[in-house]
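The values are calculated or read from the model by the stated rules, or taken from the named source; none is laboratory data. What you are looking at is a predicted structure, and each value in this text was computed from that prediction instead of being measured. In this analysis, Cβ positions are derived from the backbone assuming ideal geometry, glycine residues included, and neighbour counts consider all displayed protein chains.
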């Protein structure tokens, strides 16, 4: 098969060259530079080695004859998110913020309740949630 007329020089372009070599020549020649850039973004987004945290190693577990490897990579996400990924990200952020707010409000209410109980203030006569008694029993 003849190589397509789109030929890239850098090593980063091997994915796009491999892709173009697998499609019919007339199809490969029909792609413009913008289309090729999008194809490369989808198939060749390789930015390994540029992470804030890059931990790699192997583990040997006693009594297991095989070795296992681990890779932990953390860093800024530099790729473009699809619409569905953006929606999922927004939902996750909303849930995280909502959870933090809920826990903060509940913790604040608990602290206020404990302070109220420590000062001997009863808002409703002959009624207790039992939290103050439990708290005193712990300390």
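Tabulated results
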| read-out | value |
| --- | --- |
| Those residues of segment 9-41 which are surrounded by fewer than 11 Cβ atoms within 10 Å (Cβ to Cβ) and at pLDDT below 75, in sequence order | 9, 10, 11 |
| Failed item, numbered, when residue 6 is tested on (1) at pLDDT below 60; (2) surrounded by 10 or more Cβ atoms within 10 Å (Cβ to Cβ); (3) closer than 30 Å to residue 74 by Cβ | (3) |
| Verdict on residue 119 being modelled with pLDDT of 90 or more and touching a helix residue (DSSP H, G or I) at 6+ places or on another chain (Cβ under 7 Å) | no |
| Residue satisfying all of: in segment 115-125; part of a helix (DSSP H, G or I) and free of Cβ contacts under 8 Å to residues at least 12 places away in the same chain; surrounded by the most Cβ atoms within 10 Å (Cβ to Cβ) among these | 116 |
| Flag if residue 64 is assigned to a helix (DSSP H, G or I) and over 21 Å from the mean Cα position of the chain (by Cα) | no |
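Listed here are the residues, each with its yes/no results for (1) in a helix (DSSP H, G or I); (2) more than 30 Å from the chain's Cα centre (by Cα).
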| position | (1), (2) |
| --- | --- |
| 78 | no, no |
| 91 | yes, no |
| 100 | yes, no |
| 103 | yes, no |
| 107 | yes, no |
| 113 | yes, yes |
| 127 | no, yes |
